[in-house]
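Novice: Got a structure for you, questions after.
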Amino acid sequence: MVDACLQYKKTCSLLHESLNKLQGLDEPSQEVVENCMQYFAQLKKFNCKAQQQCRRVRDNTRQLKKKLDSTDLILKNLQFEEIYLQREITKCLQYKSVDEELSLIQESEYLISLGDEKPPPDQHEHMLQRLKWELEQRKAMRVDQERWEKSKVSLEEEIAGLKGYLASLPPQLEEMLATTAQVQDYLGMKLVHKKTQAEMAAWLPPQLYNIYSQVTGYTEYLKLGTTVTINGDLEIAKNLSTDDASDVDEVVEIETKHSKRRSAVNDPGKKKVFKAHPLTVEVIVPCDDGVHAKVLFSYLTKLKVVTVSISLMITTASPWRDKFSVGTDYMSSKELLCALWSEDYGDECPNPDTPSILNKNSLPSKTKIPNSLGRPFLWAQRLAGITGWSSDAKLDVATSRETVPHFLEAIKQRCLARLALKYQLRNLTTNQTVKEGSISQPTLLTEIGSWKEVQLDSLSGSYPERTLKHISDKDTLYELVVKRGKTSCKSLLTLSLDYPVTPPFTLLQVESPAGTATSHNDNNVRAIEEELNVHIDELYEKGVEYVLTKVVCKLCMCLDVYVEGMGLEPQIKFFINKFKGPDNVLPYVFNSDKQYFQHR
């Protein structure tokens, strides 16, 4: 092939040279013309050979292509066969018998049914026999099923007839209850009221239902005379499901039996956040003769906390009615419930998500719950069984059950203590003491000069600052002045929010012709403060309601001893030993049995 190409090139070059020679001659030579013709003949020969060779290569290529197509077709057929075989192998490997999906009777029961007969050793035969036995059992069960279905149809027909009869009973019972309303009132059988309360209890939120059920069960079991009532609009409660209660934006009005409370929140953001459930639980706790405490529990659906408010109800026949007016700060809802348990003031919402909820509604993070909705005290959350605010937190019924007796007793004691406190304050304002607070003492010659309430800011300079550091801004301060002759004693009495659980604290300043005496420069004044503050437990032995009056009487008695012992007034009282110890302290303890004063 290479030689043919070289010869072709050589012939072409020779032909080219011969043609160039012919161009320059007028009469070409015969030899040159013959050479040109010879070269043309050779080129034609080469052309025929090239065509034959191309035809030969084309035929060879066509045969090889047919062979390649045949081989490719065979390969594809083999691949299809391989895929089919793999699929069949997978089916075989994944094959499951129909009996594997059936819930068969336990094999132990099947073996027991065989008795002494042994199962065949072949596992396949064993399974076939077990399936036949299973089929017989299912046929027997089918017969029983058909028998029970027939019995079910007959029972359903009987139940339908009874339901129709029961459906006709409520209207008749309603008519009977309506006609016997006067008889129920006369016999004290509040059947209609109980029915209404039971229906409303079904629509209470779980937190308020916990309070209602626990307090009702406890008081009915012990017959304490406490009444528990559900108030509010039942129709609104029915339209307010537990899941979307926090997303309802309409204004909720809380209606009670004797009054109607409307939320005094005007801001739309506050209306949405401080949303109260339409139903409330009202607990009326009997405290004393003619005195009842009405405690109202509400549930804020957005903040998920229970709020509580309280008011006192005093009948006209109660002995407390003539002693004072109830409309005072000490009788307000906040003051009556504040610090009912230690450090529980109800100022902050206990739900830790409150700041984020307020921020979402474009409210300041320090926005507080309106006073009209009550206070979210921690003890109210425990009474409702709320121990956490996470999504998985559940109501703790045990905690609520344990809190109920403490709650009722604490409310009763707090109301009685505040009634007695207000009674004492009214008398002290008129420079008198109440007879209920008298202590074993001789005739008092010291008289009350003045009694007034003071503010902590106005005391700067009147008393040493280090003695005022322990006084909290939540305490109430009173300044008492008692006099005996030319000697006067100015005392500062501090009443905490949980009085009388925390006793009054007293600071003294004695003004006499000899000068001003305080606990820092006079040992006897320090001893009197010790009697009033350290040994105050002796005044709690015969009741705690009138401790304030006992403290005032004890102060007057100690001032009598002070002025007589220091020679400021003639001595009338009997002392066994006038002074004792290196501090020359006077005897401030009165022995009621032997009627003389003695040292501790």
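The values are calculated or read from the model by the stated rules, or taken from the named source; none is laboratory data. Quick caveat: nothing in here was measured; it's all calculated off a predicted structure. Glycine also receives a Cβ, built like all others from the backbone with ideal geometry; neighbour counts cover every protein chain displayed. When the accessible area is computed, the model is the full protein with side chains, heavy atoms only, and any ligands, DNA or RNA have been set aside. Shrake-Rupley method; radii C 1.70, N 1.55, O 1.52, S 1.80 Å.
Novice: Of the residues 550, 490, 542, which is under 53 Å from the mean Cα position of the chain (by Cα), of a type outside the set (Asp, Glu) and modelled with pLDDT under 85? Can you show your working first?
Specialist: Values: 550 fails: modelled with pLDDT under 85; 490 fails: modelled with pLDDT under 85.
Sole residue among the options that is under 53 Å from the mean Cα position of the chain (by Cα), of a type outside the set (Asp, Glu) and modelled with pLDDT under 85: 542.
Novice: Quick one: count up the residues across region 204-216 that are open to solvent by 20 Å² or more (accessible area, probe 1.4 Å) and of a type outside the set (Phe, Trp, Tyr).
Specialist: 5
Novice: Which one is farthest from residue 21 (Cα to Cα), of the residues in region 34-55 that are of a type in the set (A, V, I, L, M, F, W, C) and open to solvent by less than 100 Å² (accessible area, probe 1.4 Å)? Before the answer, list the steps.
Specialist: Initially, region 34-55 is screened for residues of a type in the set (A, V, I, L, M, F, W, C), giving 36-37, 40-41, 43, 46, 48, 50, 54.
With the extra rule that they be open to solvent by less than 100 Å² (accessible area, probe 1.4 Å), the set shrinks to 36, 41, 43, 46, 48, 50, 54.
On the way: 36: 10, 41: 19, 43: 19, 46: 24, 48: 28, 50: 29, 54: 34 Å.
If we take residues in region 34-55 being of a type in the set (A, V, I, L, M, F, W, C) and open to solvent by less than 100 Å² (accessible area, probe 1.4 Å), then 54 is farthest from residue 21 (Cα to Cα).
Novice: Report those helices (runs of 4 or more DSSP H) wholly inside region 349-431 carrying at least 3 residues which are open to solvent by less than 10 Å² (accessible area, probe 1.4 Å) and among the small types (Gly, Ala, Ser). Talk me through it step by step, then tell me what you get.
Specialist: Working: elements: 354-360, 378-384, 397-429.
Once the helices (runs of 4 or more DSSP H) in region 349-431 are filtered for at least 3 residues that are open to solvent by less than 10 Å² (accessible area, probe 1.4 Å) and among the small types (Gly, Ala, Ser), what remains is 397-429.
Novice: A further question on this structure: Just one of 153, 192 is modelled with pLDDT of 85 or more and of a type in the set (Val, Ile, Thr); which is it?
Specialist: After applying the criteria, what remains is 153.
Novice: Can I ask one more? Assess whether residue 343 counts as being over 18 Å from the mean Cα position of the chain (by Cα), in a loop (DSSP other than H, G, I, E, B) and either under 23 Å from residue 311 (Cα atoms) or modelled with pLDDT under 90 (or both).
Specialist: The answer is yes for residue 343.
Novice: For residue 568, only one of the following conditions fails: (1) open to solvent by less than 80 Å² (accessible area, probe 1.4 Å); (2) within 57 Å of the chain's Cα centre (by Cα). What is its number?
Specialist: (2)
Novice: Quick check on my filter: what residues within region 17-30 are surrounded by fewer than 10 Cβ atoms within 10 Å (Cβ to Cβ) and part of a helix (DSSP H, G or I)?
Specialist: Matches in region 17-30: 20, 23, 30.
Novice: Additional query: Taking residue 61, is it more than 60 Å from the chain's Cα centre (by Cα) and either in contact (Cβ under 8 Å) with a residue 40 or more places away in the chain or surrounded by 10 or more Cβ atoms within 10 Å (Cβ to Cβ) (or both)?
Specialist: Answer is yes for this residue.
Novice: As an exercise: evaluate residue 346 against (1) under 30 Å from residue 590 (Cα atoms); (2) touching a Pro at 6+ places or on another chain (Cβ under 8 Å); (3) of a type outside the set (A, V, I, L, M, F, W, C) and give the number of the one condition it does not meet.
Specialist: For residue 346, the exception is condition (1).
Novice: Continuing with this model, one more query. Scan region 393-406 and give yes if some residue there is over 32 Å from the mean Cα position of the chain (by Cα), at pLDDT 85 or above and aliphatic (A, V, I, L, M), otherwise no.
Specialist: no
Novice: Also, quick follow-up: For a quick check of your reading of the model, give me the residue pairs whose first member lies in region 352-377 and is closer than 10 Å to residue 305 by Cβ and without any contact (Cβ under 8 Å) to a residue 60 or more places away in the chain, whose second is open to solvent by less than 40 Å² (accessible area, probe 1.4 Å) and not acidic (Asp, Glu), with beta-carbon atoms closer than 8 Å and at least 6 apart or on different chains.
Specialist: Every condition considered, the pairs that remain are 354/303.
Novice: Assess whether residue 594 counts as being assigned to a loop (DSSP other than H, G, I, E, B) and farther than 30 Å from residue 423 by Cβ.
Specialist: yes
Novice: Condition first: within 21 Å of the chain's Cα centre (by Cα) and without any contact (Cβ under 8 Å) to a residue 60 or more places away in the chain. Now tell me which residues in region 294-319 satisfy that.
Specialist: Hit for region 294-319 is 302, nothing else.
Novice: Just checking, how many residues over region 214-238 are of a type in the set (Val, Ile, Thr) and over 24 Å from the mean Cα position of the chain (by Cα)?
Specialist: 3
Novice: Turning to a different aspect of this structure: Determine which single condition residue 285 fails, assuming it passes every other condition in (1) part of a strand (DSSP E or B); (2) under 20 Å from the mean Cα position of the chain (by Cα); (3) of a type in the set (A, V, I, L, M).
Specialist: Result: residue 285 passes all but (2).
Novice: Moving to a separate point now. With the requirement that a residue be among the charged types (D, E, K, R) and part of a helix (DSSP H, G or I), what does region 432-449 give you?
Specialist: Listed by number, the residues that qualify are 435, 436.
Novice: Can you find even one residue in region 217-230 that is out of contact with any strand residue (DSSP E or B) (no Cβ under 6 Å at 6 or more places or on another chain), open to solvent by 20 Å² or more (accessible area, probe 1.4 Å), modelled with pLDDT of 90 or more and not in a loop (DSSP other than H, G, I, E, B)?
Specialist: Yes, the conditions are met somewhere in region 217-230.
Novice: Filter region 359-414 for residues that are of a type in the set (Phe, Trp, Tyr) and in contact with a helix residue (DSSP H, G or I) (Cβ under 7 Å, 6 or more places away or on another chain) and give the result.
Specialist: Result: 377, 379, 407.
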